[in-house]
Structure formats: C-alpha cells, structure tokens
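Participant: I have a structure I would like to understand better, so I am pasting it below and will then ask my questions one at a time.
Just so it is clear, none of the values below were taken in a lab; they were calculated from the coordinates. The shown structure was predicted, so the numbers you read here are calculated from the model rather than taken from an experiment. Reconstructed Cβ throughout: ideal geometry from the backbone, glycine too, with neighbour counts over all protein chains shown.
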Amino acid sequence: MSLSAEDVERIAKLARIRVDANEVVAYQTQLNGIFGLIEAMQAADTADIEPMSHAQDLFQRLRADVVTEPDRRAAFQAIAPQTENGLYLVPKVIE
Amino acid sequence: MQWETVIGLEVHAQLTTQSKIFSGASIAFGAEPNTQACQVDIALPGVLPVLNKGAVERGIRFGLAIGAKLNRINSFDRKNYFYPDLPKGYQISQFALPIVEGGELTVQVVEGGKTVEKTIRITRAHLEEDAGKSLHEDFHGMTGIDLNRAGTPLLEIVSEPDMRSAKEAVAYAKALHTLVTWIGICDGNMQEGSFRVDANVSVRPLGQKEFGTRREIKNLNSFRFMEQAINYEIRWQIEQIEDGHTIQQATVLFDPDSGETRMMRTKEDAHDYRYFPDPDLLPVKLDEDWIEQVRAGLPELPQQKQARYQGEWNLSAYDAATLTGSRALADYFEAVVAGLAKPDAKPDAKLAANWVMGDLSATLNKANLDIPASRISAAQLAGLLARIQDGTLSGKLAKQVFEAMWAGEGEADAIIEAKGLKQVSDSGEIEKIIDEVMAANAKSVEEFRAGKEKAFNALVGQVMKASKGKANPQQVNDLLRQKLNG
C-alpha cells in the first residue's frame, strides 16, 4: 500500500497540522517508508498468536471510586489564555 | 407501496460513580464551571488516566443483567477528533474489545390494543468518558468551555436494528431506562443528560432484505421527543423516496419547537476517528470471583419479577409489566401484597394490583408525584384493602376512605370509624330499606314485573341512595330480586 499526496493532505488536516507542498512530498516518502516496514512485518505468520493490546504483559490496576481531587480551578485558569465566569474561552466553534 | 421502518438505538448512560472514569474528580451535577475538572480532565501534559473500579463494576452489572457475554479481557482505545470540549484531542473509549457483547432485552409493545412481547438484541456495551460542554452564547465572539463533565463515566449501549416502529423504539428505550436505574448503574435523569438516546432510522419496501440508507438522530433527551423525532424522520424519508430522491447517510438533530429533524452533517464530512489502542491504559481483566460477587449483589430483575407475578399470583402480562415499571413501584406493590398475606390462602394480588395501578397511580399522577412520595404508604393501602376483603367496605366506600387517607386523615379503620363508612351487610336492615323503597316506587316495581329489566337498576339505585351508599351492593341485588320475584 502506498499513500498519495491527497492522502497525506487529508491526514494532516485530520491531525490539524499545516503542511506546505514541499513538506507533503517529504512526508509522503517518509510515511510510505513506514508502510513498507509494516508490509514486511505483515509477512510474518501470526495465525497461532493471540492479538496483543499492550506491549506489557500486565493488566490494568483499578482505582477505588473515591473523590480525591480538590478544586484547583484558580491555579489552572491562571495559565489559560482567556477565561470568563469560570469558563475557558476559545475561538468560536459551531459545527 | 408498503414501507417498513428499521431502527437501532445507541444509548449513553451516565454511571452512578462518585468520581470520574480516569481521575479522582467529582461528577456531582450542577457544580460551578470547571471546579470539578482536574489536571487529568483538562489534559495537562504528563498526566495519566487511572481506571475507576466502580465504572468497570457497573459495566459488569449491566452485562449480567442482560445475559450478555462479559469480555474477561477488555481494553481501551483512542477515538480521535478535535473539538474544544475534548482537550486531549481524543476520547478514551472501548472499540475492539468492549466490556459487554451480546445480550437481549424483552419489551412489551401495545399493538392494536394488544400487548405483544418483543425481544431486542443488544450488540455491545462499552465504557467511555464523556466530553465537556461548549457554551455558544456570546462571550465577545468566543465560546465558553466547561470541563466539569469531561471524564464522566458512560456506558454506551448499542442495539441491533431490531425495532420496526417509533413505538417499539420507545418501548425498548423505556425498558432499558428501567433496567439501568433498577440495577443502580445510572440515575436515569434525562433532563440532566444522564440517559441520552441516538436513533438510527431507515426505511425499506416491505419484504426487501437489504436495509435502506440510515440517518442518525442525535441526542434525544425525552421519550416524547424520541417518538416525535422518529415518526417525523420516517415520514420524511418515505416522502423523499416516493418523490424520486435517494436518502444520503447523515447525522441530524431534532428540533422540538418545529417538530422536525434537520441536517447536522453528511457522510462526506463524517468523522474519521482513527481508533487505536490507548498506550496509557493496560488491558482490563475481569476475574471470575469478582463477576460472581457482582452477580450475587444483583437485585431480582424486572423480567424475573414479571414471571413471578404471573406464575405465583396469576397476574396478566400487562399488569406484571406495568407493576415492574420501576423498582420503587414494584417494591411498593410487593409490600401491599405482603400486607394482605394470610396464613391459609394466597394473598389477593389482583386486588392490590388494581388499586396500585388504578386509584393510587391516578392520584399520584394528578399530584405530579412519584411512588416514593406517595402520601399513602403500602401498609396503609393494605389496611384499606383488608377492609374490602372482609366486606366492611364496598368499592365505592373504599374510594372515600382512600381519599381521606390521602388527605392525611389516618389509617383505614380510624377513617371508617370516624366517618361511619361501614358497609351495611345485615340482611334485616337491608330488607327494611328495600321494603321502604318498593313502597315509595310502586311504578318501578310494576314496570319490572311487566318485564322491564331497566326498572331493576333504578330500584337498586334508590336502595343505595336510601342507605347513603353503605348497603352491600351484592346483597341489595340478591334481596331485591328475591322480593320482586317473590
């Protein structure tokens, strides 16, 4: 499988990364290199191997359902670019 | 052409934990903006999610309650999209290995006056986090973000496309609502968004095997809107097709003011979520001991109760379903039945059912109260019904006692005593009244004897009136007929 320039532009758009025309070519080459690697790995026979959802052979530790976090809004909002009435303000977004 | 509707539902049930799914912030409703949004919820760099055991436990409860398969190993994935109320840039959800797979829910649907049972299959249920809220009112051209809701644990319950009408979809949604509140995993408060429904709706010519193209109606937060929205959508889709258009896959919103659905986005700009396993979270293991412990803590479920009411107490399927409409209602009903228990015979559950579903429900509705707020306790109602059973009260007198009880005038026996509402069952006394009435209404007596059955009812009415409604109606009927024929 190889990516077209349009694929690269679409991925960049989904990831909210601005890329110019020269970069598209560079990323296309790099990403296709990675796809080549994946293709090589896919040649391995994994029929008898259980799919792995994490690199560590451990299970998730669970936290007791208790409220432990105090209100630290003032500290968090001190580093926010803009706030009002306790809200974080962001450029208008209407879908 | 005959059309068939196909509906599948996705329900987001907010779980009744104290803290968030991946952080120790509170999920209590109604707090000041951003006071319950900690460093994990606002996604400061370097923070890590730690899974809440209470959320997983509620997922297990649900899976057991619908007879589903619990994935002993389940895992979390990242669902990627950009929106300011999702500060990480992805939602943590379960995609490849959800906690619950399969299962089903049986619902009662009224069709043409008949109650029909239908089983709706559930595809899966998975744990995920909620997003924050965007407030679009004007902040000098900016949008306000409240992240208190970000990280609130949700169970998304996905059904198979098994429903064929808005009515069926509502019946399923209601049954699911009853179940999640019954087993205590969700408070079911739809106004506060604790139980949100998305409906996938399509139509196809009756008999066609393939599904039509579906449109998804988002965020239905009442059963009434849900039925309206689905019915509007069905009509709209049929009209489009009959006018020669094709349906485009889309997401739509329902506007309760206009009663219409309107387009939010089409398939072209549908999200591409690029799911992948979240490396911050290890797979979750459900061990058998834990599952058995959760199973042991489950209450008797609505369907189990329904079967018991029908089998043990000979109630109809309709009565059994109505009485198990909520856990509080079922508990109340069972307490009334227990109050009627006698050592030598089965309690008269039908009498209890009639009063709970009839007078009590009507009175509660009128006062806009739920069963836990009833001004008449189950024990009080049982006390009243016992006086019907032993013949002290006629149905009519019982209603008077019921009203007095609701008004806070005390126990049934005290009200009967104070108001002199005892039914007259002394045949001598009733005969005396009948004689008087027959003497005063000679014309009606003649008419009856001439074959006019109607005159009989008029005479019964006069006797009841003369006794101030206290004469035992059955006895009046029997004695009057004897005298007229004798």
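Participant: Measure out, as a whole number of angstrom, how far apart the alpha-carbon centroids of the range B:282-326 and the range B:75-99 sit.
Facilitator: Cα centroid to Cα centroid, the span is 32 Å.
Participant: Right, next: Report D for the range B:427-485 in µm² per second (integer): Stokes-Einstein, Kirkwood Rh on Cα pairs, 4 °C, 1.567 mPa s. Could the numbers behind the result be given before it?
Facilitator: On the way: Rh = 11.1 Å.
Estimated via Stokes-Einstein, D reaches 117 µm²/s.
Participant: With the convex hull built on the Cα atoms of the protein assembly as shown, state its orientation-averaged projected area in nm².
Facilitator: Here the figure is 40.2 nm², rounded to one decimal.
Participant: Let me ask another. Which of the chymotrypsin sites (Phe, Trp or Tyr not before Pro) found in the range B:41-107 are loop residues per DSSP with 16 or fewer other Cβ atoms within 10 Å of their Cβ? Before the final figure, lay out each step's value.
Facilitator: Values: sites: B:F62, B:F76, B:Y81, B:F82, B:Y90, B:F95; in loops: B:F76, B:Y81, B:F82, B:F95.
Here the chymotrypsin sites (Phe, Trp or Tyr not before Pro) that fit, given the DSSP loop and packing criteria, are B:Y81, B:F82.
Participant: Projected area of chain A, taken from the Cα convex hull and averaged over every viewing direction, in nm²?
Facilitator: Details: hull surface 50.7 nm².
Spelled out: convex hull of the Cα atoms, projected over all directions, averaged, 12.7 nm².
Participant: In a shell of Cβ-Cβ distance under 15 Å around B:N314, excluding B:N314 itself, what net charge do Lys and Arg (+1) and Asp and Glu (-1) give?
Facilitator: +1
Participant: Compute the long axis of helix B:166-182 from its Cα atoms, compare it with the longest principal axis of the Cα atoms of chain B, and write down the angle in degrees, 0 to 90, nearest 10.
Facilitator: So the inclination is approximately 90 degrees.
Participant: Please identify every one of the GluC sites (Glu not before Pro) in the range B:142-228 that sits in a loop by DSSP and has no more than 14 other beta carbons within 10 Å of its own beta carbon.
Facilitator: On the way: sites: B:E156, B:E168, B:E192, B:E210, B:E216, B:E227; in loops: B:E192, B:E210.
Within the range B:142-228, the qualifying GluC sites (Glu not before Pro) (loop, at most 14 other Cβ atoms within 10 Å) are B:E192, B:E210.
Participant: If we count every other residue with Cβ under 11 angstrom of B:F211's Cβ, Lys/Arg +1 and Asp/Glu -1, where does the sum land?
Facilitator: Net local charge, B:F211 excluded: +1.
Participant: For B:K468, go through the lysines and keep the ones whose alpha-carbon is under 22 Å away, minus same-chain ones fewer than eight residues off.
Facilitator: Within the straight-line limit of under 22 Å, B:K468 reaches these lysines: B:K396, B:K399, B:K419, B:K422, B:K432, B:K454, B:K483.
Participant: Pairing the Cα long axis of helix A:21-42 with the longest principal axis of chain A, what angle in degrees results, from 0 to 90 and rounded to the nearest 10?
Facilitator: 70
Participant: Could you work out the equivalent-ellipsoid semi-axes for chain B, taking the square root of 5 times each eigenvalue of the Cα gyration tensor, largest first, in whole Å? Write down the numbers at each step before the final one.
Facilitator: Working: eigenvalues 640, 152, 89 Å².
After diagonalising the Cα gyration tensor, the semi-axes are 57, 28, 21 Å.
Participant: Something else about it: If I fit a long axis through the Cα atoms of helix B:53-65 and take the longest principal axis of the Cα atoms of chain B, what angle between them do I get, 0 to 90°, rounded to 10?
Facilitator: Compared with the principal axis, the helix lies near 50 degrees.
Participant: Around B:E233, under 13 Å between beta carbons, what's the net of Lys plus Arg minus Asp minus Glu among the other residues? Present the calculation step by step, with values, prior to reporting the outcome.
Facilitator: Details: positive: B:R214, B:R215, B:K218, B:R235, B:R262; negative: B:D198, B:E216, B:E227, B:E239, B:D255, B:E260.
Spelling it out: positives minus negatives among the neighbours equals -1.
Participant: Still on this model: I need the phi-derived Karplus couplings for the range B:325-341: 6.51 cos²θ - 1.76 cosθ + 1.60, θ = phi - 60°, integer Hz, Gly and Pro marked x.
Facilitator: Residue by residue, the range B:325-341 yields x, 8, 5, 5, 5, 4, 4, 4, 4, 5, 5, 5, 4, 4, x, 9, 4 Hz.
Participant: Okay, moving on. Cross-link candidates for B:K79: which lysines have Cα within less than 21 Å, leaving aside residues fewer than 8 places away along the same chain?
Facilitator: Within the straight-line cut-off, B:K79 pairs with A:K13, B:K20, B:K88, B:K133, B:K218, B:K267.
Participant: What does a probe at B:M1 reach in the range B:208-226, counting residues whose amide N is under 15 Å from the point 7 Å along Cα→Cβ?
Facilitator: The answer is B:208-214, whose backbone nitrogens lie closer than 15 Å to the label point.
Participant: What is the order of B:Y232, B:Y273, fewest Cβ neighbours within 10 Å to most? If you can, show how the numbers build up before the last one.
Facilitator: On the way: B:Y232 20, B:Y273 16.
Ranked by crowding around the Cβ, least crowded first: B:Y273, B:Y232.
Participant: While we're looking at this one, here's another question. Sequence gap at least 6, Cα distance under 8 Å: using those rules, report the relative contact order of the range B:300-419 to the nearest whole percent.
Facilitator: On the way: 103 pairs, mean separation 23.7, N = 120.
After rounding, I find 20 percent.
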